[in-house]
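Following: one structure in structure tokens, then a few remarks.
The values are calculated or read from the model by the stated rules, or taken from the named source; none is laboratory data. Since the structure is predicted, the reported quantities are computational estimates derived from the model, not experimental observations. Backbone-built Cβ (ideal geometry, glycine too); neighbour counts: all protein chains shown.
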Amino acid sequence: MNVIQTLAISALPVIFAITLHEAAHGYAARHFGDPTAWQMGRISLNPLRHVDLVGTILVPALILLLSSGGLLFGWAKPVPVNFGNLRRPKQDMLWVAAAGPGANLVMALAWAFVLKLAMAMPETAYTLPLMKMADVGIDINIVLMVLNLLPLPPLDGGRIVVSLLPHRAAWKFSQLERWGFPILLLLLFLGILGKVLALPIGLLRALFAVVFQFNY
């Protein structure tokens, strides 16, 4: 595929994967008592409300082009959550944090159904582009889910760990949050992050292939 085709096929699944991940946090926060995101108009399935020009469009597009479609990464505007407003802040933090990766899992399954349907349909001019779009949708959602479940604040996995730890240990562990993204970037540039993510991503891709009976 040329540059235009790659961007056209990848744009929809990438934007939805990144933005609906954030929307899910807002929905969960509202459910558990924090209306902050709702009051700011951020609880929406409209991706435009969550798009960050750099993180949702420019960075994913650049990475896609530089990696020839082999790597996907990006972010949306973080949904504001005031954990102090939650009915049970420490316990409910787990569900608010897990909502984002959970949304990515649901989207990965949805794209897998689309791919399976496209494979079963009579071949038309739209069949191959739809299959490639669905494949990107599965990949980006698996990658974002696994990445965000890493036990490093402020990633969702880090917040889940904070929720599960005893109060004193949770407070100490949460102090890592200020260093979370520098640590993540360091691991990325050292090539360690890719190695850490490779096994769970590979296992999930293999599981999808078995369950839906298609190959990557």
Quiz item: Across the stretch 85-143, what is the number of residues that are in a helix (DSSP H, G or I), of a type outside the set (A, V, I, L, M) and within 30 Å of L164 (Cα to Cα)?
Solution: 12
Quiz item: Could we say that G70 is in a helix (DSSP H, G or I) and at pLDDT below 75 here?
Solution: no
Quiz item: For S163, which of the numbered conditions (1) in contact with a Leu (Cβ under 7 Å, 6 or more places away or on another chain); (2) in a helix (DSSP H, G or I); (3) closer than 21 Å to N141 by Cα fails to hold?
Solution: (3)
Practice problem: Give the stretch 6-28 a look and list any residue that's at pLDDT 90 or above, touching a Phe, Trp or Tyr at 6+ places or on another chain (Cβ under 8 Å) and among the hydrophobic types (A, V, I, L, M, F, W, C), or say none. | Solution: A28
Quiz item: Among F173, F208, which is farther than 21 Å from A11 by Cβ and in contact with a Phe, Trp or Tyr (Cβ under 9 Å, 6 or more places away or on another chain)?
Solution: F208
Self-check item: Selection within the stretch 1-43 - more than 20 Å from G84 (Cα to Cα) and outside any helix (DSSP H, G or I)
Solution: M1, N2
